[in-house]
Every structure is written in structure tokens, then in C-alpha cells.
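This report concerns only the one structure given below.
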Amino acid sequence: MEQWNHGEVTPETADTLSHAELDHMAVQLLLDPDVRAVPFEHYRTLRTHAPVHGASFGPLWFATRYDDCHEVLRHPGTAQPPTRLPEDPEPGAADESDSDSPFLFGRRERDLDPTAQKSLLRLNPPDHTRLRGLVSRGFTPRRVEQLRPAVEAMTDAVLNDLAEAREGDLLDLVGFPLPVRVIGELVGVPAEDRDLFRTLVRDAATSLEPGITPEQQQAAAAAGLQLRTYFEGLIADRKAHPQDDLTSALVAVQAAQLAGEEPGTEPLTDQEMIATLILIFAAGFETTTNLIGNGLWCLLKNPEEMGRFRLDPSLAAAAVEEMLRYQSPVQMDARRTVADIEIGGQQIPRGHWVITLLGAANRDPEKFEDPEVFRIVDRPTPVLSFATGIHYCLGASLARMEGRVFFNHLLERFDTIELTAEPEWRNTFTLRGLNALEVRVH
Ligand code: HEM
């Protein structure tokens, strides 16, 4: 195998950890279930010894410091994967594998269906700028704020279910149903269809994970197809019967453009609408389910902090930020370099991949005091949990609002919330969440 010899080991680290050992840690982070479950020690070691670590096994770098991750995500010399460069081998060519990291997402460009390629998450400027501008017109802060009373009512409804059950898996009872109802309401997916989405979105989201198996890849593709068919139908319905939802808002943007009301802008295509709705639907609940589950786990493991929060509901905003920081629902993001760039003193050549470990950046001691401790305080540095730059999470304000409403109502409703079984982390790396969170409430 070709050696990718970059990322010099500095003299003071050479006597503690070798480049091969650091490589091993990086691979463990992505693929080893035990390390995925508790990656924080590995983050610390990489951050201390090789904050921008260039792997020997591929054109791949790992960034663990806040400032470096921030810079990579905003750098004009980086782009969203998959990005083909003119010098890349043709799809299917014998040397193709050299241009594509084996650890990233398990998907190559040719495997992405045409709809997925239109997703905001896969686009770069100018296509991204145009689509994000059009989508943002339907997904306005006003629309998010208008949802608040509905979010409060939906929160109370799922908490009623929890109160009735008295004990059970909080993710099943609340963590999944709440975000799916909220996002369903926003997008316009009828209540009776929403249950369909849990497995579909979960299957589709495995394509974000490093090292997925061919079977998982197939399941992801099949789920993608089902989601596409579903949203094609929803768009057709809203073209005929507009309602007050995001799907209708996007349909209206397209209709105005096609009627020539906005000369000079390329009209939104149906495929772009489908990709956008799938992305918003998918991005909108797996992550928020994990904010709820990971967040409650943080409170249960830190009863003093839970007690302070219970006594002072105005801590909700700080509490949600701390949950997002301490157990980030998205642990990593990635970019491909489209130019030679320098990050953290390391020269990264064009065509390489940089993994930004958001969960590590959120525990960088240069930016967060006592980063390994969960503490509900106003911290001066914003969390990187929603990334930064042009792909900054479109749903960040919705997720934050949902989280604050949920935890305020939860603590107000129940005097006692206790774990009945020790939870386990799912065997995933990009999206961090628990398999189940068994609790009893009074
Ligand atoms: C706690 C909950 C959430 C977390 C941690 C989260 C995290 C993220 C992150 C890290 C990205 C950047 C990905 C990249 O740079 O490649 C992102 C993008 C995105 N998120 Fe979220 N997200 C959450 C909730 C939501 C919600 C509720 C929605 C929709 C209602 C949403 C919609 C999106 C969209 C559309 C993008 C793509 C933006 C673009 O590429 O321009 N997210 N999210």
C-alpha cells in the first residue's frame, strides 16, 4: 500500500507516541465499537500529540482542535465530499481507490443517487448558495418561532405518554416521537405517515458513517429510494392542494419562478425539492432524538447540575448548549481539499480528506474551561456541534428551541427521573446516540 507520509511527528512527541500509534488511534476512533462508545480519551491524546494528524494509510487528516476544525470548515480551499477533482481517476478505474478514502462514508460519488447529489449537504458554491438561498425562504426564523406553541403541545403530549407508562425507554416514548412530530408538522408529513420514518431515516443515515458494510450500503440505498418516492407524492399533493407547511412553501417558490416572477434565478427543480425535504426530515430528527437522549444522560450522570437546572428553568439555553458540547449528537464532519492548504502548521495537499472531529473541538481546553466536566454555565465560545461556515446547520434554531422546551417541561412535570438500566452507546461514530435510555419517572 502506498505510504502517505505527511504530518511530521515533532521531537517532543516522538518519544511518547509513534506516528503508527497515532494512526492506530485514528482508525479505532472511526471503526472500533469500544472506542466509538467513549472516544474522548483518544480525542485528548490526538489533540495533545498531533492536533492535525496526517494518516499514513491514506490521504486523510484528523483535526481535533477547535480553531483548526473551525478553519477547515470555513476554508475556501475545502469542499463538501464527494467532490471530484479533474485529476481524479475515472469511476471504476483500477487506481480509483487511491482517490477515495476507505474510511469515509462508504460511498463514492458514483454510488450516490442523483437526488442525493442535489442535497444541500453534498453541494458546493455556486449550486449550494443558490439552493440554500431558496430553501431558507421557506425555512425562516418566523416559521420556526411560529412552531413554538405546537412544540410545547407536542412535548406535553409525549410527556403524558411517559407519565402513563411510568417507566420505559425514553427514546422510544419521547426521544423519537417528539422530533418526528415537530419535523413532520414543519414539512407537512401527515401524522399517520410519520412512524414509517424511524427505520427509513436510520437506514439512510448509515451512509454518513465510516466503514459501513455493503449490506448497510444497500439498505441505505433502498431507504433513499423509498424516501424519494414518498416525497415525490407529497410534492405532487401540495402542488394540487397547498397548505401551510414547508413543502407548500417550496412549491410556491418554484411556481413564482416558473411564472417568470424572478427573472435571472434558476427555478427550483422537483429533484432539488425532494432532496431538500429528505435532508430536512432526516437531519431534523435523528440528531434531535440524540440531543434529547444524550442530554438527559448528561443530567442523570450529573445530578447536582440537574438539581440546579430544576430550580432555575432559565438555565435551559445554557443547559442545551452544554449537552450539545459535552455529548455532541454529530461527532464528526469532513471536507475534501480543493487546493493545497495549511491548517495548524501542517501542509495539507489538494485532493486530501480532512476529518473535523467536532466532539473533540467541543472539548478543547484552549476554548472551554474544564472541558471534560458537564457544567451548566454560560461559556464564551460557541459550540461547534452545528458546524460552521456555509453548511452551518439550517435547523440549529429549531433544534435549540425544541431542546429547551423539552427539558423545561420534563423537569417541571416529573420530580424524579431515574435510570433503571445502564445505557449503551450505539455502534456509530458520526451520529452519537444511545441504543435505549431506560428510566422511571414520578
Ligand atoms: C441537535 C440537533 C442537530 C444537530 C447536532 C445538527 C448538526 C448539523 C451539522 C453538524 C451540520 C453540518 C454538516 C456539514 O457541515 O457537513 C448540519 C447541517 C444541516 N442540518 Fe442539522 N443538526 C441538528 C438538527 C437539525 C434540524 C432540526 C434540522 C431541520 C429541521 C436540520 C437540518 C440541517 C440541514 C438542512 C443541514 C445542511 C445545511 C447545508 O448543507 O447548507 N438539522 N446539521
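Read the figures in this text as sums done on the coordinates, not as results from a lab. Computed from a predicted model, the values in this text were never measured in an experiment. With ideal geometry, Cβ positions are generated from the backbone for all residues, glycine too; neighbour counts draw on all protein chains shown.
The local environment of Arg310, defined by Cβ-Cβ distances under 12 Å, has a net charge of -3 under the rule Lys, Arg +1 and Asp, Glu -1.
Mind giving me the nanometre distance, one decimal, between the label points for Thr416 and Asp195, set 7 Å out from Cα along Cα→Cβ? In this crude spin-label approximation the distance works out to 3.2 nm.
Around Gln28, under 12 Å between beta carbons, what's the net of Lys plus Arg minus Asp minus Glu among the other residues? Charge balance in the 12 Å sphere: -4. Taking the Cα centre of segment 11-441 as origin and assigning +1 to Lys and Arg Cβ atoms and -1 to Asp and Glu Cβ atoms, the resulting dipole is close to 840 debye.
From the square roots a ≥ b ≥ c of the eigenvalues of the alpha-carbon gyration tensor of the chain, which class results: rounded (a/c under 1.5), prolate (a/b over b/c), or oblate? Note, shape of the chain comes out oblate. Bridges between two residues of the chain, per DSSP, are antiparallel at a rate of about 85%.
Across segment 11-441, Cα pairs under 8 Å and at least six residues apart give a relative contact order of 25 percent. Multiplying the residue separation of Glu262 and Ala317 by 0.36 nm and removing their Cα-Cα distance gives an extension gain of 15.9 nm.
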